[in-house]
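Here's the structure we're looking at; comments come further down.
The values are calculated or read from the model by the stated rules, or taken from the named source; none is laboratory data. All figures in this text were calculated on a predicted structure; none of them were measured in a lab. In this analysis, Cβ positions are derived from the backbone assuming ideal geometry, glycine residues included, and neighbour counts consider all displayed protein chains. Please note that ligands, DNA and RNA were not included when accessible areas were found on the heavy atoms of the full protein model with its side chains. Shrake-Rupley method; radii C 1.70, N 1.55, O 1.52, S 1.80 Å.
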Amino acid sequence: MNFLLETLQVIVMSIYYNMEAFVRLFIPPKNKNVTGEIVLITGAGSGIGRLMAEKFAPLGVSLVLWDINQEGVKETSRLVKEKGVTKVHYYLCDCSDKAEVYRVADQVKREVGDVSILINNAGIVTGRKFMDAPDSLIEKTFEVNTMAHFWTYKAFLPAMAANNHGHLVSIASSAGLIGVNGLADYCASKFAAIGFAESVALELLATGKDGVKTTIVCPYFINTGMFDGCNTKWPLLLPILDPDYVANKIIEAILTDQVYLLLPKTMYLIMGLKNIMPVKLGILLGMYLGAFNFMDAFKGRVKKVE
């Protein structure tokens with residue numbers, strides 16, 4: 001194609017996609033049927049991981065639950081059985097350990113089958129200023145929040161790609177979109193997780209594997225205990241999110257193949273402003289929203305896998 005023809009094509013399709021997005025504001029897409037899918041959730045022993053497992057339970061899926069806390073993941077298994085799931089398998093797995101991820105992944109393939117919906121949810125936060133954080137905790141943050149995604153993708157994506165069917169879900173954070181004072185290592189790990197998920201999604205599209213969907217979730221801070229003590233300056237604009245609400249929105253995003261989910265909705269506006277504002281104005285807005293003081297009273301669960 002020549003330049004003019006390709007440019008015209010981009011303009012026409014831009015109009016079409018914008019109209020499609022506008023229509024979906026009023027007519028949401030139908031939920032896909034996930035009956036029979038094998039859903040693996042990391043960090044399923046508590047918090048959002050447990051809640052997502054409970055939401056999936058009545059949908060006819062087989063659940064595979066991973067966590068570093070054996071009692072926690074065992075309790076999640078019990079709860080999802082009460083919610084109606086008939087096939088649930090739980091495994092003790094330290095997602096920061098590549099060898100262990102591969103070993104447990106092989107066990108899952110033998111005992112359950114090929115995972116078709118992978119939800120990378122496990123995460124930790126140190127809650128310390130960069131210069132106060134020990135090297136070991138910084139490394140652990142990246143091992144859990146970022147590198148674990150590489151290893152789970154390596155383990156389960158080949159089968160999805162071969163079948164051109166599956167769904168990759170990255171539970172990231174709004175802190176992976178905008179830096180936050182006092183969260184240098186956490187923000188960096190979440191920025192990396194988002195970049196990784198986006199790049200793999202493009203690789204899949206470039207190779208014609210459009211049946212493997214991607215959802216990237218970027219919530220503001222959630223009231224799970226991970227960020228205990230932190231507060232928000234303007235709760236009407238940026239509320240500390242209710243875990244059940246977040247879990248419901250994530251399941252909805254997966255069922256409708258939504259690529260990006262930012263919570264609350266004001267995050268879409270903030271992200272748009274970040275990309276067009278002068279830097280000094282962005283800093284002023286950050287101060288106004290409390291981004292410089294959010295972690296001042298942090299007393300959350302350091303090194304807790306969520």
Report task. Report, in whole Å, the centroid distance computed from the Cα atoms of region 25-65 and region 66-88. Result -> 13 Å
Requested in this report: Whole number in Å², please: accessible area per residue of the chain, 1.4 Å probe, ligands, DNA and RNA not counted.
Outcome: 50 Å²
Query raised in the report: What fraction, in whole percent, of alpha-carbon pairs in region 32-289 exceed 30 Å separation?
Result: 25 percent
Requested in this report: Before rounding to the nearest 500, sum -39500 (n - 2.57) across all DSSP H runs of length at least 4 in the chain and divide by the residue total; then give [θ] at 222 nm in deg cm²/dmol.
Outcome: -15000 deg cm²/dmol
Query raised in the report: Any idea what the relative contact order of region 119-273 is, in percent, if you count C-alpha pairs under 8 Å spaced at least 6 apart?
Result: 24 percent
Query raised in the report: Could you give me the ³J(HN,Hα) list for region 34-40, computed from phi with Karplus coefficients 6.51, -1.76, 1.60 and θ = phi - 60°, whole Hz, x at Gly and Pro?
Result: 10, 4, x, 6, 9, 9, 10
Report summary line: Calc'd 3J(HN,Hα), region 207-218, phi into Karplus 6.51 cos²θ - 1.76 cosθ + 1.60 (θ = phi - 60°), Hz, glycine/Pro = x, comes to 9, x, 8, 6, x, 9, 8, 10, 10, 10, 9, 10
Query - Heavy-atom accessible surface of region 1-82: percent carbon and sulfur, 1.4 Å - result: 63 percent
Query raised in the report: Under a Cβ-Cβ cut-off of 15 Å, what is the net charge of the residues other than Lys154 that fall near it, where Lys and Arg count +1 and Asp and Glu count -1?
Result: -3
**Report entry** Loop sites in region 25-79: chymotrypsin sites (Phe, Trp or Tyr not before Pro), DSSP, at most 13 other Cβ within 10 Å
**Finding:** Phe26
Query raised in the report: Any idea what the dipole of the chain comes to, in debye rounded to 20, about its Cα centre with Lys/Arg Cβ at +1 and Asp/Glu Cβ at -1?
Result: 400 debye
